[in-house]
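The structure appears below as structure tokens.
The values are calculated or read from the model by the stated rules, or taken from the named source; none is laboratory data. Computed from a predicted structure; not experimentally measured. FYI the Cβ positions are ideal-geometry reconstructions off the backbone, even for glycines, and counts take in every protein chain you see.
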Amino acid sequence: MKGARVVPPLQRGVGGIGRGCILEVEKEKQSLSSETGDRKSVVKSMISSSLVVGGGAAGFFAAVTAAEAGASVVLLERGREVLAKVRISGGGRCNVTNACFEPKQLVRHYPRGGRELLGPFHHFQSRDTMAWFRKRGVDLKIESDGRVFPVSDQSQTIIDALRRAARKANVQVQTGVALAEINRDADGFCAKQGDALWRGERLLLATGSGAQGYVWARQFGHSIVPPVPSLFTFAISDPRLNGLSGIAVENAELTLLEQDKSQSGPLLVTHWGLSGPAVLKLSAWGARELSAGGYKATLQVNWLGLPSEDVLRRLSEMRTVAARNSLGARMAFPLPQRLWERLLGAAGVGEGRRWADLTAVESGRLAGELTAGRFAISGKGAFKEEFVTAGGVSLNEVNFSTMESRLCPGLHFAGEILDIDGVTGGFNFQSAWTTGWLAGRALAKGR
Ligand SMILES: Cc1cc2nc3c(=O)[nH]c(=O)nc-3n(C[C@H](O)[C@H](O)[C@H](O)COP(=O)(O)OP(=O)(O)OC[C@H]3O[C@@H](n4cnc5c(N)ncnc54)[C@H](O)[C@@H]3O)c2cc1C
């Protein structure tokens with residue numbers, strides 16, 4: 001080939017490019033008006049065994065895994081930098097995974113994709129992620145809720161480790177590549193941007209929730225489950241919440257009544273409505289139905305996370321043990337005082353009323369407010385710490401041993417481009433590392 005430059009030395013194998021080498025070809029291209037014989041531009045081609053499109057967590061991890069296993073890998077990223085989401089993740093600290101080490105437990109954190117991830121987690125799970133980063137010099141810590149962060153509390157530590165590994169394994173990373181097209185032919189895949197051309201025997205699409213990735217997946221025969229947002233807060237305008245912004249309870253139970261879906265955990269009142277882990281989890285499990293309903297739904301709030309019988313029993317006890325005290329002065333439950341007062345008001349029970357005078361009807365109303373208050377969700381709020389997209393490449397079209405397409409041989413997928421999403425806590429990165437690792441291994445094996 002004219003002007004061919006091989007980095008490192010080319011080893012053409014039977015049936016294609018050798019695994020550990022990338023062939024760079026520069027050849028002069030005839031201009032369109034080639035009759036004149038003008039030489040107008042230089043076409044640059046790169047030939048590798050594997051092309052990875054998308055330099056996020058999944059694509060980058062796959063590229064490193066494949067290159068460490070001996071593949072020649074070119075990674076093409078549209079943005080100016082790779083791993084941009086890793087940088088902003090976890091409030092700049094990068095919640096890299098979750099210390100949930102039992103695959104059967106781990107899959108329970110995925111509203112979509114849990115079933116498919118069970119097999120993959122037996123090959124590469126949170127424990128492996130931690131070992132991977134530790135082996136590459138990253139000290140990690142497990143917080144009390146199971147979330148795993150670098151000890152530095154800097155996402156840059158994770159980025160540095162990944163980039164060092166990529167350099168060492170000789171992954172060719174190219175940023176600012178706005179690909180115009182990707183095509184498949186007898187030799188594999190061919191990606192183009194202007195005059196530049198990249199060829200790979202195998203292609204990994206790891207473009208996250210980027211629309212172009214879905215276009216390519218469709219082009220290769222895949223169906224896309226319509227993307228909808230997941231992990232968001234609930235916009236609620238209700239007098240019971242007015243002025244309570246910043247108040248939190250430890251263990252609320254929330255139910256989306258129309259969907260009969262519940263989640264428990266910490267709950268936070270915000271200026272706009274409700275947030276906190278319980279809301280985010282529920283938003284994920286209800287993402288699709290909430291989207292279909294235009295983000296209008298009825299939320300039932302149990303502020304105590306206790307069954308109503310237990311609450312009624314406690315209220316009854318209070319009538320004896322706190323008979324002379326006012327309800328406002330002596331709370332029956334460990335709730336923020338202002339919330340307690342607000343709920344008393346909502347139940348139509350005066351704060352100054354003595355416990356001894358509380359009637360059975362009033363007890364019933366108060367227990368109702370405490371355990372089954374209904375709130376109208378009027379929309380979806382933003383959650384800046386983390387949000388993900390539910391939907392993407394349909395999972396039954398992918399082989400979860402290799403992340404290879406069942407419809408287009410040689411094409412692989414990893415990360416958020418798939419119809420997989422997890423709740424908060426490091427589970428989204430874990431699915432990116434796991435699917436990236438499997439895809440990377442398969443790219444290297446070339447099968
Ligand atoms: C603010 C925020 C914080 C988060 N924090 C956490 C957290 O702490 N823990 C956690 O587990 N999850 C977190 N997540 C979710 C997590 O970031 C994603 O699940 C994860 O990044 C998915 O990885 P991915 O590689 O599949 O996709 P992405 O990280 O989105 O990467 C896709 C890459 O492909 C590139 N791309 C797209 N289209 C093209 C194209 N046409 N050509 C070339 N390149 C293209 C993109 O530029 C991007 O670099 C957070 C998300 C957000 C938004």
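Kindly indicate whether any position in region 390-413 is at positive phi and within 7 Å of the ligand (Cβ to nearest atom). If you could, list the steps in order and put the result at the bottom.
Taking region 390-413 and keeping what is at positive phi, we get 391-392, 403, 410.
When the remaining residues are screened for being within 7 Å of the ligand (Cβ to nearest atom), the result is none.
Among the residues of region 390-413, not one is at positive phi and within 7 Å of the ligand (Cβ to nearest atom), which makes the answer no.
Among the residues of region 322-330, are any more than 20 Å from residue 240 (Cβ to Cβ) and either within 45 Å of the chain's Cα centre (by Cα) or not assigned by TED's automatic domain parsing to the domain that holds residue 301 (or both)? Write out each step before concluding.
Step one: filter region 322-330 for residues more than 20 Å from residue 240 (Cβ to Cβ), giving 322-326, 329-330.
Those left that are additionally either within 45 Å of the chain's Cα centre (by Cα) or not assigned by TED's automatic domain parsing to the domain that holds residue 301 (or both): 329-330.
Checked against the condition, which is being more than 20 Å from residue 240 (Cβ to Cβ) and either within 45 Å of the chain's Cα centre (by Cα) or not assigned by TED's automatic domain parsing to the domain that holds residue 301 (or both), region 322-330 yields at least one hit.
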**Asked** Does at least one position in region 375-389 carry a residue that is at pLDDT below 95 and either over 30 Å from residue 277 (Cβ atoms) or in a helix (DSSP H, G or I) (or both)?
**Response** no
**Prompt:** Within the group 86, 74, which residue is within 30 Å of residue 197 (Cβ to Cβ) and either out of contact with any helix residue (DSSP H, G or I) (no Cβ under 8 Å at 6 or more places or on another chain) or away from the ligand (no atom under 15 Å from the Cβ) (or both)?
**Reply:** 74
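Which of the residues that make up region 385-430 are charged (D, E, K, R) and free of Cβ contacts under 8 Å to residues at least 12 places away in the same chain? Can you show your working first?
The initial filter retains those residues of region 385-430 that are charged (D, E, K, R), namely 385-386, 397, 404, 406, 416, 419, 421.
Of everything in region 385-430, just one residue is charged (D, E, K, R) and free of Cβ contacts under 8 Å to residues at least 12 places away in the same chain, namely 406.
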**Residue satisfying condition, being within 30 Å of residue 306 (Cβ to Cβ) and touching a strand residue (DSSP E or B) at 6+ places or on another chain (Cβ under 6 Å), within set 379, 391** = 379
**Prompt:** Out of region 323-343, which residues are buried (at least 18 other Cβ atoms within 10 Å of the Cβ) and touching a residue at least 24 places away in the same chain (Cβ under 8 Å)?
**Reply:** 327, 335, 339, 342, 343
**Item:** Output for region 140-182, where each listed residue is β-branched (Val, Ile, Thr), buried (at least 18 other Cβ atoms within 10 Å of the Cβ) and closer than 17 Å to residue 97 by Cα
**Value:** 148, 157, 158, 159
**Fill in**
In region 251-266, anything touching a Pro at 6+ places or on another chain (Cβ under 8 Å) and either surrounded by fewer than 17 Cβ atoms within 10 Å (Cβ to Cβ) or under 15 Å from residue 373 (Cα atoms) (or both) is listed as 251, 252, 266
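Of the residues 237, 264, which single one is of a type outside the set (A, V, I, L, M, F, W, C) and over 29 Å from residue 426 (Cβ atoms)? Walk me through it before giving the result.
On the way: 264 fails: over 29 Å from residue 426 (Cβ atoms).
None of the other options fit; the residue is 237.
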